[in-house]
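The values are calculated or read from the model by the stated rules, or taken from the named source; none is laboratory data. The shown structure was predicted, so the numbers you read here are calculated from the model rather than taken from an experiment. No Cβ is skipped: glycine too gets one built from the backbone with ideal geometry, and neighbour counts run over all protein chains shown. Just the protein is used for accessible areas: all its heavy atoms, side chains included, with ligands, DNA and RNA removed. Shrake-Rupley method; radii C 1.70, N 1.55, O 1.52, S 1.80 Å.
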Amino acid sequence: MAAAEGPDGATISLRDARGVALFCKAAGLEIGQRCEGVMLDFAAPFLVEPRVVEVEGRIMAYAEWPTAFRIDLGPEPGQRTSGHGPASTLALSFDPSRSVATAILEGQDLCRAVESFGREAIRKVVQTVALDQATPTLVQHRLLALAA
């Protein structure tokens, strides 16, 4: 078992998540469930390139792949951080052949992850990102359904 971390043991940043996933895939390394903010789905090309969104004074970084997404939520205005990554990270993957309801019934803990990150923050980020697109993606539809 090996662990990958960012500088000074920080969570791997959104900027580096795809590179880490590509390396793991090429090396035949498995990315476990306990790995925060990185998953093998991130080795695919971006569907939505990483972008920064400001929602109510908080900076959020969003990126999306064909079956997954990651949101890094920055600190609240005036809150100090150690500079070692985001205040909070949400990264989920969806199986396009299964509904969100099926995934939840089969034990995938999507609702708790969305709730702990904050439904309103998720809705606002996805809404802002989707405004620049002709059609919302499958991942965005599923994310909005979970955050409803």
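Computed from backbone phi, the HN-Hα couplings of segment 116-125 come to 5, 6, x, 4, 5, 4, 4, 4, 5, 5 Hz, rounded to whole numbers (Karplus: 6.51 cos²θ - 1.76 cosθ + 1.60, θ = phi - 60°; Gly and Pro given as x).
Accessible area per residue (1.4 Å probe, heavy atoms of protein chains only) ranks C24, C35 as C35, C24, with the largest value leading. Here the dipole of the chain is about 140 debye; that uses its Cα centre as origin and unit charges on the Cβ of Lys and Arg (positive) and Asp and Glu (negative).
On average, how much area does the Cα convex hull of segment 1-71 cover when viewed from any direction, in nm²? Display every interim value, and only then the final one.
Numbers: hull surface 21.5 nm².
Computed as one quarter of the Cα hull surface, the answer is 5.4 nm².
Taking packing as the residue-averaged number of other Cβ atoms within 10 angstrom, the listed peptides 26-32, 104-110, 126-132 run from highest to lowest as 126-132, 104-110, 26-32.
Once every DSSP H run of n ≥ 4 in the chain is given -39500 (n - 2.57) and the sum is divided by its residues, what mean residue ellipticity at 222 nm do you get, rounded to the nearest 500 deg cm²/dmol?
On the way: 5 runs with 50 residues, N = 148.
Helix-only estimate at 222 nm: -10000 deg cm²/dmol.
Label-to-label distance for A113 and E30 is 1.8 nm, based on points extended 7 Å past Cα in the beta-carbon direction. Between R51 and E106, the FRET efficiency from the beta-carbon distance, with R0 = 35 Å, is close to 0.65.
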